[in-house]
Amino acid sequence: MARARARLAALTREGLGGLGYQEVETPSLVPAPGMEPHLSPFPTAFVPEGGGAATPLWLITSPEYAMKRLLAEGFERVFQLSRVYRNGECSVTHNPEFTMLEFYRAGTGYDGIMADLERLVERCARAFGAAGEPVTDRGGRRLSLAAPFERLTVQEAFRRHARVDLGACRGDGAALRAAALAAGHGVGPAGEPFDDLFFRVMLDAVEPRLGLDRPTFLTDWPASMAALARLKPDDPRWAERFELYAGGLELANGFSELTDAAEQRARLEEELALRLRLGRPALPLDEPFLAALARMPAAGGVAVGFDRLLMLLTGAPRIADVLLFPAEGFLPP
């Protein structure tokens, strides 16, 4: 597995290098981590050796903010294989420390990023596949990783797999609850927020049916679920966000980047308020990132679970199988 990890890293560097991307390194210790309400960053502090007040720091949950600042400084295509850290996450597909491939490209939106990603995945699959074929086996089922991948909007996925007209609900929790009940789905307590209901139906009826024979880009997410993404100009109910699914694995999350600093600040403040309502600790806003957005060009970007991609290519059923030192080695049973 160590050799397989090294091979995939080399293929990634060669593939993205061939597409004009430059590898970069950004800090793992930051004064302002990501604001996602459902992620818990690891806190730490810088303590001056000679004494003095400690400075709060966090381990990154993603290198995203720093990489976008590089776009603002004139870098056009950047990528990074970064170690990232998320507290509390340990499961068949989660480890509290893992490797994230992130790449960002100026002058494009999510369509250009999806095209680059599917070319990279196919390249890696051909190197790992028998006789150079971009095919793998996932759960006893043949999965083709040849580009182009399927593109399916969230609205169509809900209509096809859950029999729910998500667009007609217009972000209203009560409307989605009624539609879910009419389609025979289980729902939570009355008054459950739209986003919670969405993911209840998504995880039960939609996600298990994505990317079974070939990978699926699930595109155009509800605007409330894309705090860092640009909204679709012709229909602002939806954001230019995508996730990539293959063989039962969620592999990637990407979008057309939001470059409006005022709107981005407002969205992050909304996420901070949600964190507080959920009982999670307050986190500072990344002011250098917000300041850089005024200079950032139109761009797209994506975060790819490197370990999950390796699981897919090697047929490993658990993330622990592709890590040399998985967290289960030090966590209590």
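Less than 13 Å Cβ to Cβ from Pro27, Lys/Arg counted +1 and Asp/Glu -1: what total charge do the surrounding residues give?
Neighbour charge sum, excluding Pro27 itself: -1.
What does the charge count near Phe75 come to, summing +1 for each Lys or Arg and -1 for each Asp or Glu among other residues with Cβ under 15 Å from its Cβ?
Local net charge: -2.
For q values of 0.21, 0.25 Å⁻¹, compute log₁₀ I(q)/I(0) with the Debye formula on a Cα-only model of segment 11-67, without solvent.
-0.84, -0.97
Can you work out the Karplus-derived ³J(HN,Hα) for every residue in segment 214-221? Use 6.51 cos²θ - 1.76 cosθ + 1.60 with θ = phi - 60°, whole Hz, and x for glycine or proline.
So the J values, rounded to whole Hz, are 8, x, 10, 8, 8, 10, 6, 8.
Against the 2.2 N^0.38 Å scaling, with N counting residues, where does segment 75-159 land? I'd like the Cα-based Rg ratio to two decimal places.
Normalised by 2.2 N^0.38 Å, the Cα Rg of segment 75-159 equals 1.34.
Between segment 181-199 and segment 134-148, what is the C-alpha centre distance in whole Å?
33 Å
Check Ala239: other-chain or 5+ apart residues with amide H under 5 Å from its amide H, H built from backbone geometry?
Sorted by chain and number, the residues that satisfy this are Trp221, Ala223, Lys232.
Would you work out if segment 187-333 is rounded, prolate or oblate? Take a ≥ b ≥ c from the square roots of the eigenvalues of the alpha-carbon gyration tensor; rounded if a/c is under 1.5, else prolate when a/b is larger than b/c, oblate otherwise. Don't skip to the end; give the middle numbers.
Working: a/c = 1.43, a/b = 1.41, b/c = 1.01.
Note, shape of segment 187-333 comes out rounded.
Name the residues whose placed amide hydrogens come within less than 5 Å of the amide hydrogen of Gln22, ignoring near sequence neighbours (fewer than 5 apart) on the same chain.
Arg77, Val78, Phe79
Return the sequence-ordered ³J(HN,Hα) values of segment 252-266 in whole Hz as given by the Karplus equation 6.51 cos²θ - 1.76 cosθ + 1.60 applied to θ = phi - 60°, using x for Gly and Pro.
7, 9, x, 6, 6, 6, 6, 10, 8, 5, 5, 5, 5, 4, 4
Regarding the chain, what is the average projected area of its C-alpha convex hull, in nm²?
18.8 nm²
State the Cα centre-to-centre distance between segment 75-98 and segment 203-230 in whole Å.
Measuring centre to centre over Cα atoms gives 19 Å.
If I histogram all Cα-Cα distances within segment 157-208 using bins 5 Å wide from 0, what percent of pairs lands in each bin?
Once binned at 5 Å, the Cα pair distances of segment 157-208 give 4, 24, 40, 24, 6, 0.
Starting from the Cα gyration tensor of segment 37-77, multiply each eigenvalue by 5, take the square root, and state the resulting semi-axes largest first in whole Å.
28, 17, 6
Going by Cα centres, segment 1-39 and segment 260-333 are how many Å apart?
Taking the Cα centre of segment 260-333 as reference, the centre of segment 1-39 is 13 Å away.
By how many nm would the segment from Leu290 to Met1 lengthen if fully extended, with 0.36 nm per residue of separation less the alpha-carbon distance?
Contour length minus the Cα-Cα distance gives 100.1 nm.
Quick one: what are the phi-derived ³J(HN,Hα) couplings along segment 267-278, Karplus 6.51/-1.76/1.60 with θ = phi - 60°, whole Hz, x for glycine and proline?
Once rounded to whole Hz, the list reads 5, 5, 5, 5, 5, 4, 4, 5, 3, 5, 5, 7.
What is the set of long-range amide H partners of Phe42 at a cut-off below 5 Å, with H atoms built 1.01 Å from backbone N?
Leu59, Asn87
Each reported figure results from applying straightforward, stated rules to the coordinates on display, with no laboratory input. What you are looking at is a predicted structure, and each value in this text was computed from that prediction instead of being measured. So basically every Cβ, Gly included, is an ideal-geometry build from the backbone, and we count neighbours across all protein chains shown.
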